[in-house]
1. Would you please calculate the Kirkwood hydrodynamic radius of region 188-289 over all C-alpha pairs and express it in Å, rounded to one decimal?
2. Within a Cβ distance under 14 Å of Tyr273, other residues only, what is the Lys/Arg minus Asp/Glu net charge?
3. Taking the alpha-carbon distance from Lys320 and a cut-off under 22 Å, which lysines remain once sequence neighbours fewer than 8 residues away in the same chain are dropped?
4. With each run of n ≥ 4 DSSP H residues scored as -39500 (n - 2.57), what mean residue ellipticity at 222 nm is computed for the chain after dividing by its residue count and rounding to the nearest 500 deg cm²/dmol?
5. Please figure out what share of the DSSP beta bridges in the chain is antiparallel and state it in percent, rounded to the nearest 5.
6. Just the number, please: carbon plus sulfur as a percent of the accessible area of region 362-408, 1.4 Å probe, no ligands or DNA/RNA counted.
7. Measuring with a 1.4 Å probe in the full set of protein chains, what accessible area per residue, in whole Å², belongs to region 72-116?
8. Can you tell me, using C-alpha contacts under 8 Å and at least 6 residues apart, the relative contact order of region 58-190 as a whole percent?
Amino acid sequence: MKKVFIMLPLAVACASQFAIAATTDAQRLAQLEQELAILQEAGSYDSLSDRMSINGFFTGQMGVANNDAGYGNRPGVEGYTSDPNFSLGSKLGLQGTFALTEQTQIVGQLVSRGVDDWTPEMEWAFLSHEFDNGFTTRIGRLRVPLYMYSDYLEVGYAQPWANPPADVYSIVPVSSYDGIDIIYDTDLGDASLSLQTSYGHDTDDAEHNPLGVDVKFDNTLGFSATLSYEEWVFRGTYFQSKLKSGKIMGGDLSSLQSFEDDKAQFTGVGISYDNGSFLAISEYTMSKVEGGYSDTESAYITLGYRINAFTPYVNYSYLKTTDDSDRALDPVGSASLNWERTTYSIGTRYDISSNLALKLDVTYAGDFGDSSGGLEANSHHQITNLKAGQSPLNEFDDTIVYTVSFDAVF
């Protein structure tokens, strides 16, 4: 019995040591598991940040004209007047990209414009997948690829001008659409070729057009091709769509018939040269619309030269309607929808930093002929004179617009 009492404390002590050891190991294991979970969580965050990117752009712009002609917006819509305008060209945008896989990503671009009281609008929202054979397909809300600068239409910092030439870039009222596109990229020796086909639909809202009614762009189908070779870029595009609308409510355009599956077509070609110092860009476009709305021809050429942080430039452009004879017996329609003008611009860009630029621009528009020049003030004045039994004379023979713009990317 004495041996039992002697061995019992030893057994208890040993059991206690084993229990302490077991507890310590369990605690260590739990601690290791906790640290591993933390590391895995941190790793997942790192992976998420690697797969996601957010960028932004901003334009703060002031424009003022020497009169109230209203140049600087789409034809028939009021533009810059003698009152300084800080909203027409100002905008803020955020673009996010999330990579689902190495070949699949989701892209969204949200833009708030001063002219729309800074109400956010989704310009891009699409899923993109890149195949192994050079093809890429995208579905969702996409940019309409009509022009050489369509992909950067909202990003003022990516453009040489304070504003893209309005005689060309303001003709088509929609800039994005809901649909799908397919892009094929390939190398041709030292050159690269990009082919794109697009299909979808969009609506030109009544508050943004002079017609006073929503206009639907249905079954929009288009093709574009871009060839890049060393300092040169060549581009061609063709789009067509079916237009539908209710009764035209715009006061000066109320005589127009509503759109009922009327065909609209757009054709454009462009060329640019940029060797890092000298810059030359030119585009030529034609648009045709069935019915009484304007068919147009327009073009521009821009020349610029980089001198350290400065890029002075000059621009010449013109716009004219090509179906004036169709409205020869409709003086009200002629006053609203016959357009002719020539525009000259001189300006400079100063790169303050790698992501901020200051732009100054002076634009003169004139040579309206017998037309309103596409200016809302002139067309309204002509129609007022017609209703009073007077000659349809313009209120303004020309206009000058002064623009100061700060463009940033971040």
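The values are calculated or read from the model by the stated rules, or taken from the named source; none is laboratory data. All values reported here derive from a predicted model rather than from experimental measurement. Heads up, the Cβs are rebuilt from the backbone with ideal geometry, glycines too, and the neighbour counts pull from every protein chain shown. Just the protein is used for accessible areas: all its heavy atoms, side chains included, with ligands, DNA and RNA removed. Shrake-Rupley method; radii C 1.70, N 1.55, O 1.52, S 1.80 Å.
1. On the way: mean 1/r = 0.0626 Å⁻¹.
Mean inverse Cα-Cα distance, inverted, gives 16.0 Å.
2. -2
3. Straight-distance partners of Lys320: Lys263, Lys288.
4. -6000 deg cm²/dmol
5. On the way: 165 of 165 bridges.
Roughly 100 percent of the DSSP beta bridges within the chain come out antiparallel.
6. 53 percent
7. Details: 2090 Å² over 45 residues.
Per-residue value: 46 Å².
8. 19 percent
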